[in-house]
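Working notes, structure below.
The values are calculated or read from the model by the stated rules, or taken from the named source; none is laboratory data. This one's a predicted model, so the numbers in the text were calculated from it and none came from an experiment. Neighbour counts are summed over all protein chains in view; Cβ atoms, including those assigned to glycine, are modelled from backbone coordinates with ideal geometry. Surface areas here come from the heavy atoms of the whole protein model, side chains and all, with no ligands, DNA or RNA. Shrake-Rupley method; radii C 1.70, N 1.55, O 1.52, S 1.80 Å.
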Amino acid sequence: MCFFVQPECTFILLDPALPDTEGTGQHGGGMIGDVNLFLNDANDPTVAEIEIMIAVKASRRKGLAFEALTIFMAYAVKYLGITCFQAKIGLGNQSSLSLFGKLGYAEVSTSKIFNEATLNLQICGHIKALMNEQAHKLKIGQYEEADQASALCLG
């Protein structure tokens, strides 16, 4: 599984079981969604809001979101110095709540106005060790088609 790293911290997700998306070159799979990171806490640049979307239904429930989040978080910890991740998830989105729970996130608040839960994951102890282990497996390189895009793959 590979990702394209954009300066705004968006990774495009590929499903290697699908053919390359037409018109994008050869990348090892079809585009299925993205993972985003928002550094919107002006007082603490080590806190990041994270979100994921798998738009292609055929690529859901295959473990790709879990793998993508794990890789993306490892990247953010190693290269951006993130020590706390925050996810805001709709209360009716049981699949995402379960996914983030499996990753170790804990609910810290609920908003009735926005009908969402806020979950946090502190990067310390065994979680930090897991992130560092994953970060050592990352391979980062340039794509020939785009000077600004980098590739991030778990090798």
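Worth a mention:
- If you plug the beta carbon distance of Ala55 and Lys102 into 1/(1 + (r/R0)^6) with R0 = 22 Å, you get a FRET efficiency near 0.55.
- For His126, the solvent-accessible surface computed with a 1.4 Å probe is close to 130 Å², ligands and nucleic acids excluded.
- Extension gain, Ile127 back to Lys78 (0.36 nm per residue minus Cα-Cα distance, nm): 16.4 nm
- Potential lengthening between Leu91 and Ser111 on full extension [0.36 nm per residue; Cα-Cα distance subtracted]: 6.3 nm
- GluC sites (Glu not before Pro) restricted to the range 60-144 and DSSP loop, no more than 14 other C-beta within 10 Å: Glu144
- Percent of Cα pairs exceeding the 13 Å cut-off, where the set is the range 65-111: 60 percent
- Packing-based order for 74-84, 54-64, using average beta carbon neighbours within 10 Å, highest first: 74-84, 54-64
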